[in-house]
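Read the figures in this text as sums done on the coordinates, not as results from a lab. Worth saying up front: this structure is predicted, and the values here are computed from it rather than measured. Glycine gets a Cβ as well: all are built from the backbone with ideal geometry, and neighbour counts include every protein chain shown.
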Amino acid sequence: MSTASHKRVALVTGGSRGIGHGVACALAGAGFDVVINGRRPLGEVAEAIADIESRGAATLYCQADIGELADHGTMLSEIRARFGRLDVLVNNAGVAPEVRADLLDATPESFDRLIRINLRGPYFLTQAVAKWIIEQRRADAQFQGAVINVSSISATVASVNRGDYCISKAGVAMATQLWAARLGEFGIPVYEVRPGVIRTDMTAGVTEKYDKLLAEGLTVEPRWGTPEDIGRAVAVLASGALSYATGAVLPIDGGLTLRRL
């Protein structure tokens, strides 16, 4: 049954854990209704959904794999049926390599997996959502849509033991520029948030490595980043508060990529 939302609605891919969950919670707190997706069954994300709902958002979970293009249409149909609108897309879902392999040992299977999920999926999901946002914008000149890509400092910082990940994120950075250029005529801004070292389940296996690097001065701000740090940044962009800035890249990395002598 449709319960058309009078609030703005945001889709956060991969919003049931890690950075995505931090983003979903921040958007809920900023007054959005929230859609999240993931590959896990509904029963396994009940706690995450309850956390988002506790912040005042009507919440929809769509079981979908961003890397499977056929899942995109199904997910958007579910959003139409539930909310009747979609204002903001946050392309957050992504995976790390299952094995961190040196460039000389990297496999095409790992490369194809990361490109499919981290780059190809978000690229075509943006295409589908953009068409819907344009439709809504044409029907209502006051409609405020936006696309926000969550990439990584790995878009520009080379890690030779996970080249496939770096290339996928560099592709997301270019996709941000492309979509910003294409959607400008419709008044739809496109932004990129570029996280640094963030404490999530994805980085749990390298905690000791980064604890040491942080202690040695890897970042200007001497701590791990958190999903909440990324969530606050995305909420500002989604709110429309940062105007005249389409295509902007916002590094949330504690100063890791700041050039220092």
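Before moving on, here are some points about what is shown:
- The local environment of VAL172, defined by Cβ-Cβ distances under 10 Å, has a net charge of +1 under the rule Lys, Arg +1 and Asp, Glu -1.
- Each of the peptides 104-116, 202-214 was scored by the mean count of other Cβ atoms within 10 Å over its residues; in descending order, highest first, they stand as 104-116, 202-214.
- Electrostatic dipole magnitude of the chain [Cβ: Lys, Arg +1; Asp, Glu -1; Cα centre; debye, to 20]: 580
- Residues with amide H under 5 Å from that of LEU250, placed H, sequence gap 5 or more: GLU192, VAL193, ARG194
- Projected onto its three principal axes, the C-alpha set of the range 1-146 covers 53, 34, 25 Å, listed from the longest axis down.
- Rounded tilt (10° steps) of 69-83 against the dominant C-alpha axis of the chain: 50
- Full-extension gain in nm, TYR244 to GLU44, via 0.36 nm per residue minus C-alpha separation: 68.0 nm
- Listed values for the range 189-198 are Karplus-derived 3J(HN,Hα) couplings in whole Hz (6.51 cos²θ - 1.76 cosθ + 1.60, θ = phi - 60°), namely x, 10, 10, 10, 9, 10, x, x, 7, 10, and x replaces Gly and Pro.
- Net charge contributed by nearby residues that have their C-beta within less than 11 Å of ILE153 (K/R +1, D/E -1): +1
- Long-range HN-HN contacts of LEU60 with modeled amide H, under 5 Å: VAL34, VAL35, ILE36
- Principal-axis analysis of the Cα atoms of the chain puts helix 163-183 at an angle of about 40° to the longest axis.
- Annotation: amide H of ARG199 within the under-5 Å range of GLY225, THR226, sequence separation 5 or more or interchain, hydrogens built in the peptide plane.
- Karplus-derived 3J(HN,Hα) values for the range 200-217, using 6.51 cos²θ - 1.76 cosθ + 1.60 with θ = phi - 60°, are 9, 5, 5, 9, 4, x, 10, 4, 4, 4, 7, 4, 5, 5, 5, 5, 8, x Hz; glycine and proline are entered as x.
- Sequence-ordered 3J(HN,Hα) estimates for the range 226-235 from the Karplus curve with 6.51, -1.76 and 1.60 and θ = phi - 60° stand at 10, x, 5, 4, 5, x, 4, 5, 5, 4 Hz, glycine and proline given as x.
- Fully extended contour minus Cα-Cα distance, from HIS6 to GLU53, at 0.36 nm per residue: 15.3 nm
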